[in-house]
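Written below as structure tokens is the structure these notes are about.
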Amino acid sequence: CHVSSVTVNDKGTMNYAKGTSIDDMNRYLIVKCSMHGISYVPVTKKMCTGYNANKKGYQTITIKYCGNKVKLPVTVGTSSSYKKPYQVKKLKVKSYSKTAVSLSWEKRHGKGYEVWMATSKNGIYKKIKTLTSSGKTSYRVKNLKSGKKYYFKVRTYKKVGAKKIYALFSKAVVVKTK
């Protein structure tokens, strides 16, 4: 796989409360690859340098991924005008047919949900659906390959102005189609 470009979602400077870990920022990389097209990779602490969660003020985080570097500006310790939505709990998945699975989860406060899928345990997750209603707590994934394992995560989001604020991802669940 040849990575042709890496960018960060929402390049604008975000404000975070003092003590916020990188893993709790809910940022992800948009990775363009000649073999897989566009993928979305959650930003983790292991990828980053130049961030101190306890240092107030403007900081620039350097994110390294597959030989590429991306800069992410953040401000720490300023008043945070939002409360993050709650993490999705009790995510369940079951094989519905040879080519479809059904996901369900506990309702959480927010604007809606994002459903992400990978084809291997440590694979790259891709966003496959955005549900724009927080009342919708299930989703059926169709057109899958028979007899193959799939991994899923779901997260809640809410909007603050024009920006989306994301909860942490749910724990991953795995299912093998019939």
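The values are calculated or read from the model by the stated rules, or taken from the named source; none is laboratory data. Keep in mind that this is a model prediction, so the values were computed, not measured. Note that each Cβ is placed from the backbone with ideal geometry, even for glycine, and that neighbours are counted across all protein chains shown. Surface areas here come from the heavy atoms of the whole protein model, side chains and all, with no ligands, DNA or RNA. Shrake-Rupley method; radii C 1.70, N 1.55, O 1.52, S 1.80 Å.
A Cβ-based charge dipole, computed about the Cα centre of region 1-66 with Lys and Arg at +1 and Asp and Glu at -1, lands at about 200 debye.
Would you mind putting 113-119, 48-54, 168-174 in packing order, based on average other-beta-carbon counts within 10 Å, highest first?
Numbers: 113-119: 20.1, 48-54: 14.1, 168-174: 17.0.
Most protected by this proxy first, the peptides run 113-119, 168-174, 48-54.
Take the Cα gyration tensor of the chain, multiply each eigenvalue by 5, square-root it, and list the three semi-axes largest first, rounded to whole angstrom. Write out the running numbers ahead of the final one.
Working: eigenvalues 177, 88, 30 Å².
Equivalent ellipsoid of the chain: 30, 21, 12 Å, largest first.
Ligands, DNA and RNA excluded, the heavy atoms of Ser34 present near 90 Å² of accessible surface to a 1.4 Å solvent probe.
With each label modelled as a point 7 angstrom along the Cα→C-beta vector, the Arg140-Asn9 pair spans 2.7 nm.
Answer rounded, prolate or oblate for region 4-57, using the Cα gyration tensor with square roots of eigenvalues a ≥ b ≥ c: rounded when a/c is under 1.5, else prolate when a/b is larger than b/c, else oblate. Since a/c reaches 1.5 and a/b is larger than b/c, the shape of region 4-57 is classed as prolate.
Based on the alpha-carbon gyration tensor of region 73-153 and its eigenvalue square roots a ≥ b ≥ c, which shape applies: rounded if a/c is under 1.5, prolate if not and a/b is larger than b/c, or oblate? It is prolate, given that a/c is not under 1.5 and a/b is the larger ratio. By a 1.4 Å probe calculation restricted to protein chains, Ile22 has an accessible surface near 20 Å², given to the nearest 10. Accessible surface computed residue by residue for region 74-138, with neighbouring protein chains in place and a 1.4 Å probe, gives 56 Å² per residue. Estimated from the Cβ-Cβ distance and a Förster radius of 25 angstrom, the FRET efficiency linking His109 and Asp24 is about 0.90. With the full set of protein chains in place, find how many percent of the accessible area of the chain is carbon and sulfur; take the probe as 1.4 Å. For the chain, the apolar C and S fraction of the accessible surface comes to 50 percent.
Per-residue SASA remark: His36, around 100 Å² accessible (1.4 Å probe; ligands, DNA and RNA not included).
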